Amino acid sequence: MSIIIETKKLTKKFGDFVANSKIDIQVEKQEIKCIVGENGAGKSTLMNMLYGVYKPTSGMILLNGKEIVMNSPTDAIRNGIGMVHQHFKLVPSLTVYENILLGSEITKRGLIDRREEITKVKKLIEQYQFQIDPMEKIQNISVGLCQQVEILKMLYRNVDILILDEPTAVLTPQEVDRLMENLKALKKQGKTIIVITHKLREVMYVSDSVTVIKSGQVIGNVKTKDTNETELAQMMVGRDVVLTVRNESGPKPREEEAYRVEGICTVNDSNHEILHNVSLYVKKGEVLGIAGVEGNGQSELIKVLTGVMTVTKGKVLLGGKDMTNAWPDKLRKFGIGIIPEDRYAQGLCKEMTIPENCIAGYFDTHGVCNKGVLKSGKMKQLCDDYIQKYDIRVSDQYGVISQLSGGNAQKVIIAREFENNPDLIIACQPTRGVDIGSIEFIHRQLLALRNAGKAVLLISSELTEIMSLSDRIVVMYKGGIIGEVDPQAASAEEIGLLMAGAGAKGGN
Amino acid sequence: MGFITGILYDSVYHAIPILLCVLGGIFAYKANVLNIALEGMMLAGAFVSVLVSFKTENVMLGYIAAVVTCLAIGLIFAFFGVSCKGNVIVIGLAVNMSIVAIAGFVLQLMNSANIKLGFTNAADFKIHIPIIKNIPILGGIISGHTIITYITFVSIVLVWILMYRTKFGIYVRVVGENEDSAKSLGLNTNKYRYLAILLGSFFCALAGINLALERMTIFTNSMTAGRGFIAIAAIYCGRGDPLSCTFYALIFGLARALSVNLSLYAGAAAAVFDVIPYVVMSIVLTVVSVIKYRNSRVRGM
Amino acid sequence: MTKKKSDYIGPKVLNTLLPVGLAFLIGGIIILCIGENPLEAYRIMLGKSLFTAKGFLNTLHYASPLLLTGLAIAITFKANLFNMGVEGQLLVGGFFAGIAGASLDLTSPVMQKVVCMLVGIGCGVLFALIPALLRAFFHVDEMVVTLMLNYAMIKVLEYLSSGPFREAGSGYVCTPVIHESAMFQRLGIGNSRLTMFFFLAFAILLIMTFIFKKTKLGMEITAIGKNPDFAEATGMRVRRKIIILMCISGALAGLAGAGHMMSEKFKYTLGFSGTTGLGWDGMLIALLGRHNPIGVLLAAIFYSALKTGADNINMYTSVPKEIVGVLQGLIILFLAVQFLDERFGLRERFARRMSRKEEA
């Protein structure tokens, strides 16, 4: 097999920060190449260079043995390189066919020839055996179909090399399967495919060869058939990834119920019900995990439980007190600590200082605020305490939040929410985008809270996290609870089946 | 009957400047540039068209000068807002204020409170369409408007085609809706923003000409009286769709016509009727918003 | 990432001074074009109003309402709200303070003044409440509503002052003159026009500084301006705060109107708030002062000097005093752009505002 694209000593610096350092990779024609690495390892930077988004600081890219210089994605497409981004670049108000042809519209006398456009797109869809209606508007179709549109967009432009950035992050298991089949079919039709991912199971299933990247450097190149998941994982993180914290040795949950959600429903802006009769309870000294593929109603459930969205039906009780539709400040006052889903959207204000962020939502405790007047001395003292106790690494302790790394920023939230004596913690994706050291720390903190008799509601799309921390697991599917499992007894496969909607009962 | 025909004729008459602003403004709206300089550009169109006509005694030159001036202002707006990435709301207000001030400055130099054309009058601009003008009622409503009025109605269709059936229209919408997407296609997003803004300037020039030169052959400062802002309200209500925005602009025309016609009977309280259009547009804006968010269960801004 | 605050002051000051310089440059060219000497014109404009004792005190006097309108706009800008209705709120506040001052006759002059100011504040608040409630409960864009309601209010006041409340004996449209007990008397310092109103406005500036920097509300305003999702999720009740902020803004504008009535105009005329409008001037002052109370103070004094100087320019040269309006427009235009990179400029805030629009 001949090498279609390769890089030689490709380096990219952003200021002092070296994102990619002397990367050498070779991709053979008609293979599926996986590039794996942890978050922040430099995979996306590499791909953006291959797609002409970033210009390399040094080094070169060879296509069929000849050096190419690309100044923009347009250049990349002209060279036959196409990319499907993790965040789709589609226009929601336009139709599927309009999106596919965006930038290469077919016109007749200056006006767009819709009939011709639709025919062409239909042909394209048939040729690659995709299943999608060209007339549908993007805003009305599922994420999986959006991805198909992105791929079709590239295929229409006759690319030979297709780069996919984290393609499975937002897909349901079935959609993942379909994607994998599509990719294999494309390979048969002569395309070369590069997939960036950190999901090793998929790597093993679909790829021919794997390149592992860590801290901006190539750690290893292997043929998929010569390796296994454990080996790849070790290469990725440089140590065993077995999660070190497990919910095993602590006391049993008490019988007393701390939190109860009864049959809540809510609707989205177009009045479609997006939560169907969700009921659950958490006992004192218990971790209840909510598992599910992203986009199955978890975000809405989180919004409702954290007070930023209201319910149409149902009740929420905290130790018997009615908390239905309570505002976030009341929730906190009554002892619900919240680790929000997106820390820079709801949890922290990047442009405000650490002391300010440390008191956000808790003006009435620790004496930081007296009759509406802030006590800056007390605020700083509290901030110092948190930094010390939670080992938050800062360069300027009273400076703005944006100086902190993801893990340390998350620790600020954890400190704030844990130090206000909550009876219940709602922890949403608590370790997303957080380094391994901090993950371990956060997990320990959550379990310590549990062992102290508090209730923890853990919502995460990382199944391993849910399985190692929870006392009980409920699975969400299409806006409802589809089942409950015991993490000791059930296997990841069983939960996976539930997450895919198999054996739907009870739910909707 | 005459009363109703009068109101409908007036509705068209009063809707035209707004409608032109709306047609111009929707492209900027779709390109995600909030152009509140519509007001100032319209005033500039009004000012320059009358001033140049006054100086040269040539109406055609007035038309051309107004268009050129507004395009120049559009370029300045686009340069600061798009190329320099300034805050377009602030820039828009600055444009509005500058133009009022410049017009005032010139009026002061001329030692006059207004500019009035002596060689022509408003009646000269009215076009009475043969045949149609003789149709009862309809003739009274449709016939007897100025050239720009008829251009406006044709423009509604042209703008619709431009927005939905040409590459330009699609790209403007892409730029506004998903800039990343536009960039990944290699579109020059700034180019489309510039063009969208300049289209707006062009239509605002026509609006100004219609308002001052064609209808009254007179310019007084601040004569636009917030019509540009009402146009923005209409654009918001119609979410940038040419046809629905047209509909809201016509509502304004009707409100204005009602207020003018009713005030004839109101005597001393006549001035209060001037409030109607602004209040009506605020209510319409509210109703549209209430409908849009009626199902929203998310708290916050 | 470890830069200290002082590292940002340099560009900040430059970003403020550069627009002023550029505007004066272009203004100078305009003045040259009409055959006058720009340097001479500027000297007349600023020399007396800034560098003579009496002139400066008069400048302070005229800066009083500007301080308040500047604050009224700054407080909403900081929370990323666009209250463009300050002009209308000022007019309605001034008008009814004037009516109260003329029709009430309380024995105590202090009470008379207090009541008049309260009427002004109340009217400003009520008028600001309309867009505030529409925004908070129905997501109606406050900017468009306030822009339109300004015109509505001008029309209403035009009717009231030429109809029901017209002073019968006057040859032009105006309301009756307020009683002397409602007037802020000149303090007579350096023979200037300075009244207590300036000190009142200054005290309010200090209070607002305290609120901005030291209180929970101040922190919440900042949070709402920088990240409304965060503000809502941490229980800051954004909706309620929007209403409170708009009310404070309306109150400041209403008080500015009342004070202007009681210290300068004494009756409502159609040109009550001057050519560019004290509310619109407030916009320039808020921007020039970078939404910061000290900045607002300096900007208000500077702009007031410019405006009072404009009257002199008319006297000694043939340059129309509308040149100030031109300068004002130009300064705002240049202020909208960041010449030098600064942290957390309007740019990001604006980007966020637009992205919010987009989602909606």
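Values as computed for the structure displayed
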item: Those residues of the range C:29-78 which are touching a strand residue (DSSP E or B) at 6+ places or on another chain (Cβ under 9 Å) and hydroxyl-bearing (Ser, Thr, Tyr), in sequence order; result: C:Ser64
item: Qualifying positions in the range B:110-120 - in contact with an Asp or Glu (Cβ under 9 Å, 6 or more places away or on another chain), open to solvent by 30 Å² or more (accessible area, probe 1.4 Å) and either not hydrophobic (A, V, I, L, M, F, W, C) or not in a loop (DSSP other than H, G, I, E, B) (or both); result: B:Gly118
item: Residues of the range C:244-277 that turn out to be open to solvent by 10 Å² or more (accessible area, probe 1.4 Å), within 13 Å of another protein chain (Cβ to nearest Cβ) and not small (Gly, Ala, Ser), as a count; result: 4
item: Residue identified as open to solvent by less than 10 Å² (accessible area, probe 1.4 Å) and among the acidic types (Asp, Glu) among A:Glu286, A:Glu256, A:Glu273; result: A:Glu286
item: Complete set of residues in the range B:143-163 that are of a type in the set (Ser, Thr, Tyr) and either within 21 Å of the chain's Cα centre (by Cα) or at pLDDT 90 or above (or both); result: B:Thr146, B:Thr149, B:Tyr150, B:Thr152, B:Ser155
item: Within the range A:169-215, considering residues that are touching a Phe, Trp or Tyr at 6+ places or on another chain (Cβ under 9 Å) and over 20 Å from A:Met499 (Cα atoms), the one surrounded by the fewest Cβ atoms within 10 Å (Cβ to Cβ); result: A:Gln189
item: Boolean, A:Lys22 is in the same structural domain as A:Asp165 (by TED's automatic domain parsing), part of a strand (DSSP E or B), surrounded by fewer than 17 Cβ atoms within 10 Å (Cβ to Cβ) and of a type in the set (Lys, Arg); result: yes
item: Count of residues meeting criterion [touching a Ser or Thr at 6+ places or on another chain (Cβ under 7 Å) and not basic (Lys, Arg)] in the range B:272-301; result: 5
item: Residue list for the range C:261-282, restricted to those being among the hydrophobic types (A, V, I, L, M, F, W, C) and out of contact with any helix residue (DSSP H, G or I) (no Cβ under 7 Å at 6 or more places or on another chain); result: C:Phe266
item: Residues that are within 25 Å of the chain's Cα centre (by Cα), more than 8 Å from chain C (Cβ to nearest Cβ) and either among the aliphatic types (A, V, I, L, M) or surrounded by fewer than 20 Cβ atoms within 10 Å (Cβ to Cβ) (or both), drawn from the range B:271-301; result: B:Ile276, B:Val280, B:Ile283, B:Val284, B:Val287, B:Val288
item: Test: residue in the range C:150-165 that is part of a loop (DSSP other than H, G, I, E, B), touching a Pro at 6+ places or on another chain (Cβ under 8 Å), among the aromatic types (Phe, Trp, Tyr) and modelled with pLDDT under 95; result: yes
item: Test: residue in the range A:319-330 that is of a type in the set (Phe, Trp, Tyr), surrounded by fewer than 19 Cβ atoms within 10 Å (Cβ to Cβ) and touching a residue at least 60 places away in the same chain (Cβ under 8 Å); result: no
item: Matching residues, the range C:289-299, being in contact (Cβ under 8 Å) with a residue 60 or more places away in the chain, in a helix (DSSP H, G or I) and out of contact with any Phe, Trp or Tyr (no Cβ under 9 Å at 6 or more places or on another chain); result: C:Ile294, C:Gly295, C:Val296, C:Ala299
item: Condition check for C:Tyr172: farther than 30 Å from B:Met281 by Cα and either at pLDDT below 90 or not in a helix (DSSP H, G or I) (or both); result: yes
item: Within the range A:216-225, tally of residues that are surrounded by 17 or more Cβ atoms within 10 Å (Cβ to Cβ) and either in a helix (DSSP H, G or I) or basic (Lys, Arg) (or both); result: 1
item: Residue within the range C:20-29 that is open to solvent by 10 Å² or more (accessible area, probe 1.4 Å) and either among the charged types (D, E, K, R) or under 30 Å from C:Ile242 (Cα atoms) (or both) present; result: no
item: Filter pass, C:Ala41 being in a helix (DSSP H, G or I), under 17 Å from the mean Cα position of the chain (by Cα), within 29 Å of C:Gly190 (Cβ to Cβ) and more than 12 Å from every other protein chain (Cβ to nearest Cβ); result: no
item: Helices (runs of 4 or more DSSP H) lying entirely in the range B:121-230 (those with 3 or more residues that are open to solvent by less than 20 Å² (accessible area, probe 1.4 Å), closer than 30 Å to A:Cys146 by Cα and not hydroxyl-bearing (Ser, Thr, Tyr)); result: B:167-177
item: Any chance A:Thr310 is β-branched (Val, Ile, Thr), within 14 Å of chain C (Cβ to nearest Cβ) and under 21 Å from A:Leu449 (Cα atoms); result: no
item: Residue selected from the range A:35-90 under the condition within 14 Å of chain B (Cβ to nearest Cβ) and basic (Lys, Arg), by the criterion least open to solvent (accessible area, probe 1.4 Å); result: A:Lys89
item: Conditions (1) of a type in the set (Asp, Glu); (2) at pLDDT below 90; (3) more than 22 Å from A:Lys199 (Cα to Cα): number failed by A:Glu493; result: (3)
item: Residue tally, condition within 11 Å of chain C (Cβ to nearest Cβ) and closer than 19 Å to B:Val275 by Cβ, over the range B:238-264; result: 3
item: Entirely in the range A:410-508, the strands (runs of 3 or more DSSP E) that have 3 or more residues that are farther than 19 Å from A:Leu331 by Cβ and open to solvent by less than 10 Å² (accessible area, probe 1.4 Å); result: A:472-477
item: Conditions (1) buried (at least 17 other Cβ atoms within 10 Å of the Cβ); (2) without any contact (Cβ under 8 Å) to a residue 60 or more places away in the chain; (3) within 14 Å of chain B (Cβ to nearest Cβ): number failed by A:Thr107; result: (1)
item: Residue match in the range A:383-397 (condition: assigned by TED's automatic domain parsing to the domain that holds A:Tyr281, touching a residue at least 24 places away in the same chain (Cβ under 8 Å), within 24 Å of C:Lys226 (Cα to Cα) and surrounded by fewer than 19 Cβ atoms within 10 Å (Cβ to Cβ)); result: no
item: Selected residue [of a type in the set (Ser, Thr, Tyr), within 30 Å of B:Tyr278 (Cβ to Cβ) and either open to solvent by 20 Å² or more (accessible area, probe 1.4 Å) or part of a helix (DSSP H, G or I) (or both)] from C:Thr76, C:Thr59; result: C:Thr76
item: Pairs, first open to solvent by 30 Å² or more (accessible area, probe 1.4 Å) in the range A:358-380, second among the aliphatic types (A, V, I, L, M), C-beta under 6 Å, six or more apart; result: A:His366/A:Leu382; A:Lys375/A:Val368; A:Lys378/A:Val368
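The values are calculated or read from the model by the stated rules, or taken from the named source; none is laboratory data. This is a predicted model, so every value here is computed, not measured. Note: ideal-geometry Cβ built from the backbone for every residue, glycine included; neighbour counts use all protein chains shown. Ligands, DNA and RNA are stripped out before the accessible areas are found, and what is left, the full protein with its side chains, is counted by its heavy atoms. Shrake-Rupley method; radii C 1.70, N 1.55, O 1.52, S 1.80 Å.
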